[in-house]
């Protein structure tokens with residue numbers, strides 16, 4: 001996966017194109033991610049003891065992972081991989097060649 005939790009990503013296609021946010025959750029089996037503050041949907045909730053009035057809440061819905069790219073030093077970049085001399089494989093930013101966290 002080219003995206004990891006807590007990375008800052010930018011949406012590159014769809015209704016929320018250009019939006020940025022932090023990755024909250026990743027679903028590797030369905031190739032989806034939840035990005036903070038992006039793709040908000042309204043959800044009806046019934047009254048409970050903690051929320052006696054019920055009503056509508058807004059929450060983030062998943063996006064397909066192909067619609068987001070990581071933000072590195074203020075711009076988006078694709079993710080590549082490089083094998084180091086000690087055998088470790090690291091993720092790199094394709095634009096600059098720098099190692100990603």
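With the requirement that a residue be under 28 Å from residue 9 (Cβ atoms) and more than 12 Å from the chain's Cα centre (by Cα), what does the stretch 29-44 give you? Give the steps one after another, and end with the answer.
Residues of the stretch 29-44 under 28 Å from residue 9 (Cβ atoms): 29-43.
The answer is 29, 30, 40, 41, 42, 43.
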Response to the item:
Checked the stretch 45-62 for anything over 30 Å from residue 31 (Cα atoms) and either surrounded by 10 or more Cβ atoms within 10 Å (Cβ to Cβ) or at pLDDT 95 or above (or both); matches are 47, 51, 54, 55
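Restricting attention to the stretch 86-100, does a residue exist that is in contact with a helix residue (DSSP H, G or I) (Cβ under 6 Å, 6 or more places away or on another chain), within 12 Å of residue 3 (Cα to Cα) and surrounded by 12 or more Cβ atoms within 10 Å (Cβ to Cβ)? Walk me through how you get there before you give the answer.
Taking the stretch 86-100 first, the residues in contact with a helix residue (DSSP H, G or I) (Cβ under 6 Å, 6 or more places away or on another chain) are none.
The answer is no, given that none of the residues of the stretch 86-100 is in contact with a helix residue (DSSP H, G or I) (Cβ under 6 Å, 6 or more places away or on another chain), within 12 Å of residue 3 (Cα to Cα) and surrounded by 12 or more Cβ atoms within 10 Å (Cβ to Cβ).
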Worksheet entry | All positions within the stretch 3-50 that are closer than 13 Å to residue 71 by Cβ, part of a loop (DSSP other than H, G, I, E, B) and in contact with a helix residue (DSSP H, G or I) (Cβ under 8 Å, 6 or more places away or on another chain) | 3, 12
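Checking the condition touching a residue at least 24 places away in the same chain (Cβ under 8 Å), within 27 Å of residue 90 (Cβ to Cβ) and over 11 Å from the mean Cα position of the chain (by Cα), which residue from 3, 12 passes?
Details: 3 fails: over 11 Å from the mean Cα position of the chain (by Cα).
Exactly one residue qualifies, and that residue is 12.
Every residue, every condition in (1) at pLDDT 95 or above; (2) at positive phi, yes or no:
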| position | (1), (2) |
| --- | --- |
| 26 | yes, no |
| 43 | no, no |
| 64 | yes, no |
| 73 | no, yes |
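Do we find a residue being touching a residue at least 60 places away in the same chain (Cβ under 8 Å), in contact with a strand residue (DSSP E or B) (Cβ under 9 Å, 6 or more places away or on another chain) and in a loop (DSSP other than H, G, I, E, B) anywhere in the stretch 59-68?
Within the stretch 59-68, the first condition is being touching a residue at least 60 places away in the same chain (Cβ under 8 Å), and the residues that meet it are 65, 68.
Filter once more, so that each one left must be in contact with a strand residue (DSSP E or B) (Cβ under 9 Å, 6 or more places away or on another chain): 65, 68.
Pick out the ones that are also in a loop (DSSP other than H, G, I, E, B) and you get none.
Scanning the stretch 59-68 turns up no residue that is touching a residue at least 60 places away in the same chain (Cβ under 8 Å), in contact with a strand residue (DSSP E or B) (Cβ under 9 Å, 6 or more places away or on another chain) and in a loop (DSSP other than H, G, I, E, B).
The values are calculated or read from the model by the stated rules, or taken from the named source; none is laboratory data. Worth saying up front: this structure is predicted, and the values here are computed from it rather than measured. Virtual Cβ from ideal backbone geometry, glycine too; neighbours counted across all protein chains shown.
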